[in-house]
1. With no solvent and one point per C-alpha, what does the Debye sum give as log10 I(q)/I(0) for the stretch B:147-293 at q = 0.17, 0.20, 0.21 Å⁻¹?
2. Suppose each label sits 7 Å from its Cα in the direction of the beta carbon; what would the residue B:523-residue B:332 distance come out to in nanometres?
3. Over the stretch B:243-329, calculate the relative contact order: mean separation of alpha carbon pairs under 8 Å at least 6 apart, over the residue count, as a percent.
4. For peptide B:215-228, how many partner chain Cβ atoms fall within 10 Å of a residue's Cβ, on average?
5. Can you figure out the FRET efficiency of residue B:410 with residue B:882, using R₀ = 56 Å and their beta-carbon distance, to the nearest 0.05?
6. Arrange the residues B:132, B:564 by how much accessible surface each exposes, largest first, with a 1.4 angstrom probe.
7. Over all residues in B:148-160, what is the mean tally of Cβ atoms on other chains that come within 10 Å of each residue's Cβ?
8. Would you list B:284, A:10, B:197, B:59 from the most to the least accessible area, probe 1.4 Å?
Amino acid sequence: MMQFMLLFSRQGKLRLQKWYVAHQDKVKKKITRELISTILARKPKMCSFLEYKESKIVYKRYASLYFCCAVEQEDNELLTLEIIHRYVELLDKYFGSVCELDIIFNFEKAYFILDELLVGGEIQETSKKNVLKAIAAQDVLQEDETPQGFFEDHGLG
Amino acid sequence: MNTDSGFNPGLNMATIRQAINETIERGIMRMPTPTRLRDLIRQIRAAKTQAEERAVVNRECAYIRSTFREEDSVWRCRNIAKLFYIHMLGYPAHFGQLECLKLIASPKFTDKRIGYLGAMLLLDERQDVHLLITNCLKNDLNSPTQFVVGLALCTLGAIASPEMARDLAGEIEKLMKSPNAYIRKKAILCAFRIIRRVPELMEIFLPATRSLLNEKNHGILITGVTLITEMCENSPDTLNHFKKIVPNLVRILKNLILAGYSPEHDVSGVSDPFLQVKILRLLRILGRNDPEASEAMNDILAQVATNTETSKNVGNTILYETVLTIMDIKSEGGLRVLAVNILGRFLLNNDKNIRYIALHTLLKTVNVDISAVQRHRSTILECLKDPDVTIRKRAIELSFALVNAQNIRAMAKELLIFLEKADPEFKAQCSSSMVLSAERYAPTIRWHLDTLLSVLIAAGNYVRDDVTSSTIQMISSSPANEQTYITVKFWDAIQETQDNQPLLQVAVWCIGEYGDQILYDSELEFTNERPTESTIIDLYNKLLWSNQVNTVSKQYSLVSLAKLSTRIKNGQNNIKEIIEMFGSHLNIDLQQRGVEFTQLFGPYKHLRESLLEKMPAMTINRINGANSNGEMIGEGEVIRSNSSDKVVNNGNIRSNTDTLLDLLGSGDDIISSSSFTIPTSTPAPAATNNLLDLLGDIDLGAPTISVNNNNNNNNSATSPITMSILDDNENTKIPDVTTMFNINGSSGGNAQANNSNYDLGDFLSSPTLHNTSAKIITVFDKNDLVITFATSRHNDDYIEVLMSTTNNSMDTLEQYLFQAAVPKSFQLQMMSPTGSVLLPGGVITQEMRVRSNSPSAVLRMKLRISFVCNGNPILEQAEVSNFPDV
C-alpha cells in the first residue's frame, strides 16, 4: 500500500501531496522536508530507491518535477515506478503534454486524476481510458452546473 | 457514464440564478468579488521574497476567514480551493476544515468535489470533525449519482479512521455488490482500507469476495486481489479459506500472458503488469509452506519467468515479483535455479534500479541457496564501489552474508579496502561485522590478529567499542609468540598516528601487558626504530599529555604505564614521576588512578609486582552472534579487562592494608580471607562479599555504561564506574557470584544488580534504569487505562515507586494528571511526569519517592487520575494497599 505521494520541483517546492496514512500536519511537514532535501541531493545517475524509516521511497524525475512515493516493505519498487509513470501519462493525456505550470495552476485536477487511479493507496483502475473517461464525465458534470460564460467568474477561475 | 446523474437541471439553474442575484447584490452592497484562484497563484508566484509571499498569503487568509464568517456560500468553493494552495505552501489552513464539510453538504457537484478534496487534504483524525464527515459520507454513499458515490468512497479510502471504518463498513459491503463497476472497485478498496484500520471487521466482507475473481473487468480484478491479499495476511484461517482460489488466479494470470495484444491494458508489450504483480504476490502468500498449492502454481511461474520480455522496466517488475514468489513457496528445484539466474542477470543490468533489486533479493535468498548466490560474489563486491549509497548499503550486507571459511581471506581483503574508504556511517557497522566474520572463519590466529589490526587502522575512530574489546580479548587468549608479534605491529602502527583512539587503546594495552617481550627479545624485527625503555616512556608521556588523545585512551595508557613499571628493568622512576603528576589531574578518574598507582610506588611498593602481574588469558565465550547485543557485552569486557588490572591478584593482600583496600574501593571493611584468589567461574566464599561486590559492580555496571558511551570521546563515560567502586560499601547483600563472574554479565535480575544499578542510576539520573528488578504491581485497570507501580527500596533511604500509565484505548488522552496521597506516617515526593498526553498505546511514567517516618507503618496510597478524553474531562480514583515488601 502506498503511504503517500509527493510532487515537488527541482527547487524543492511542493506541488502536490497525497497522504494515505494519518499523520499530524507537523509530521507530514517534517517527512516532506527531509525527503525533498535527501532526494534533491542525489545525483541523476543514482537508483530510484531510498530507505526511509520503515518504508521504501521510490522517486523519479520527469522534467522539472520529482514524483516521490513511499511504499511498504512488501511492495514492489519497480511496480511503484510504473504507477508513477502511469500517473504521468494520465496527466500528459489530460493536459496535453503536461508541464509543471499545468500542475501548479490546476492542482485540483491533478488530485482528481490521482484519485481515479488510486484509492486508499492501491491501484483501482489499470486502464488509462477508463480513468480519463471518468474524469471527463465529472468535468462535464461540473460544467453543466455552470452556464456559459459564468465559469470564468464563478467557478474556481 | 453520467447518464444516471441525479442532478435536476431545472433545480440547478434556479440555484445558479439565485447565486447570480446574490452575487450582484453583494457586489454592489457588501464585498467585491474574491480574487480568482489562478490570480492568487500568480500573485504568490510573483512574490520575490519570503516576506512578500507571507504578506500576500496573510492578506488572502484574512479575507477568506472573513468570508467564512459571513457564511458566504457562493464563493466558498473558490475560497477553499485557494486555501488548498496556501496549505500546500506550508501555511496553516485548519480553519477551512468546517467549511469543507459545508461544501460536501452542498447539492452542487463542484462543491462536493472540492469539499471532499479538502477533507482529504485538511482533515486530521480529530474526533469532532470526523463524526460530522461520517454523516456526510453516509448520505453520499447512497447518492444516485455514481460520481458522488465515487467521491465519498475515495475520501473514505484515504482518511478512514477506526470509528469511521466501523460506522460505514455496512454501507461499503452493500456497495461492493453494486452492478456498477466504477462504484464496485472503489468500494472493494475501501473494504481493504477498513480491514487495515480495524482487522476484526473482516468477517463482514468475506461473502462479498466470492464472485470477485470471476469478473472480466480489470479494475474489479485488481482491487479484488488486493482485498483478498489483505485478508489472507490478516488471519491464517482466512488464508486457508482462500487456498481454493489458486486455480482461478493461475487461470487469470495465464489469460493475461497468453492473450494477444489488448490496447487497453498494455504497458510496453506487457499485458496489465499491475494485475500480474498483484496476482503473483497473492500466489506467494497462498503457496508459502503449502506443497500442494505450490505445485499448482509451478507451471505458470515457469511460464511467466521465461516468457516475460525483459528489455523494459515493466518486464523486470514482473520477473522480480515472480522470483520472490518462486523463492518463497515450495517450488521445484529447477524453478529456483531459474530464479537465481534471473537475479544474476539483474545484477549485471545497466539499470541501477534493477541492480538494487538484485542485491535486495539475493540477500533474502542467501539463506535458501547460498551456493547459487556465491557464484555472483565478484559482481557483488564490484557493487561496493558504486557511488550510490543505497546500492553500497545493500552490497555490504550481502557481502558479509557470503563470507565463509573458504573465501574469508579474499573477502576480507576486499572488505578492508571498502572499509578504508567507506563513509563514517558504514565504518562502524562494517568493522563490527568484520570482527564477527573474522572470529567465525579466521584460518589462523596470526591472520585473525592481523585482520583485527587492519580493521582498527582502517575504521579509525568510527569503530564501536566491541571491536576494541574483542581485539584485546583475542590477543589475550593467543599464544605468547603471537602476542609479541602483534604487540610489535601495534607499536609500529601507533608510531605513525596517534589520533586513532581505539587503535591507541589496544596498542597501549598490549604494550603494558607484553612490554617486556618486545623490549628484550633481540630477534624481533621492527619496521621502524627498535623501541627502548626510554622511547616507550617518552611516547607515553606524549600520549598522556596530548590534546588529541581522549580520556578513555589516557585511562588505558595510565594503567598500561603502571603495568609497564613491573615489566621493564630500569626506568621505574620516570614512570613514577609521570604517574605522580596525575595525582593532581583535573579529570577525576585520571586523578584517582594517579593517586592509587602512586601508592604502589610508595608505601605499598612490595605489592606492585604481584598486583600488576600479567593477566590470565581471557576466555572467549561469545554466545552472541548478532552485533546488536554484542555492543553492550563488548563494553562489559572493556571495562572488565581495564579495571580488573587493579584486582587481579588480590590474593596477596594482607589484612592490614587499609589504604590498598581503599584503592580497591571496599571502604572500611577489611577482608579477612587472605587465601582468596579471583576465580573466573568457581563460586567464591561468601565472606569476601565486599570484594565480590566490587567486581560485581564492574561487571554489572557495564550495561549501564553503554547508555552514554556510544561516543569514544565521552569523558564522563567511565566516571560512573569509579563512583560505584568508591561507594561500594553501600552494597551489603551477598551477591550472586555466578552472575557476576559471567563475562557476559547480563543486566541481571538479582539483588546485586539492583543495588549497583542504583548507584549508577543516580549518577546518570535516568529513571528507566531504576526498575530493572523492581517489583511490579498493577494498581488500576479500567477502560483500557492501565497503571502499574514498580516499587523498589533505595538504600534504606526511601522506597521508590515508578508509576507507569499505559493507554490501551484507541483514543488520545490529554491533560493526564496523576496524583497520589499517602498516610501521615509517610512522606511522598513526586517527580515530574514524562508527559501529559497519552496517545493510543502511549505510556507516561512518573517517579515517586516515599520515605517512612515510622518503621512499623504500612504503606497505602490513594490515587486520583484525571484526563480529558474526546473533550470530556474524566476523573478516576483508586486505592493501593497491596504494596509489595521491598
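1. Evaluating at q = 0.17, 0.20, 0.21 Å⁻¹ gives log10 I(q)/I(0) of -0.96, -1.23, -1.31.
2. 6.5
3. For the stretch B:243-329, the relative contact order is 35 percent.
4. 3
5. After rounding to 0.05, the efficiency reads 0.30.
6. Sorted by accessible area, descending: B:132, B:564.
7. Taking all residues of B:148-160 together, the mean is 4.
8. So the residues, ranked largest to smallest area, are B:59, A:10, B:197, B:284.
The values are calculated or read from the model by the stated rules, or taken from the named source; none is laboratory data. For clarity, every value in this text was computed on a predicted model and none was experimentally measured. Cβ sites come from the backbone with ideal geometry, for glycine too, and all protein chains shown count toward neighbours. These area figures cover heavy atoms from the full protein model, side chains too; ligands, DNA and RNA do not enter into them. Shrake-Rupley method; radii C 1.70, N 1.55, O 1.52, S 1.80 Å.
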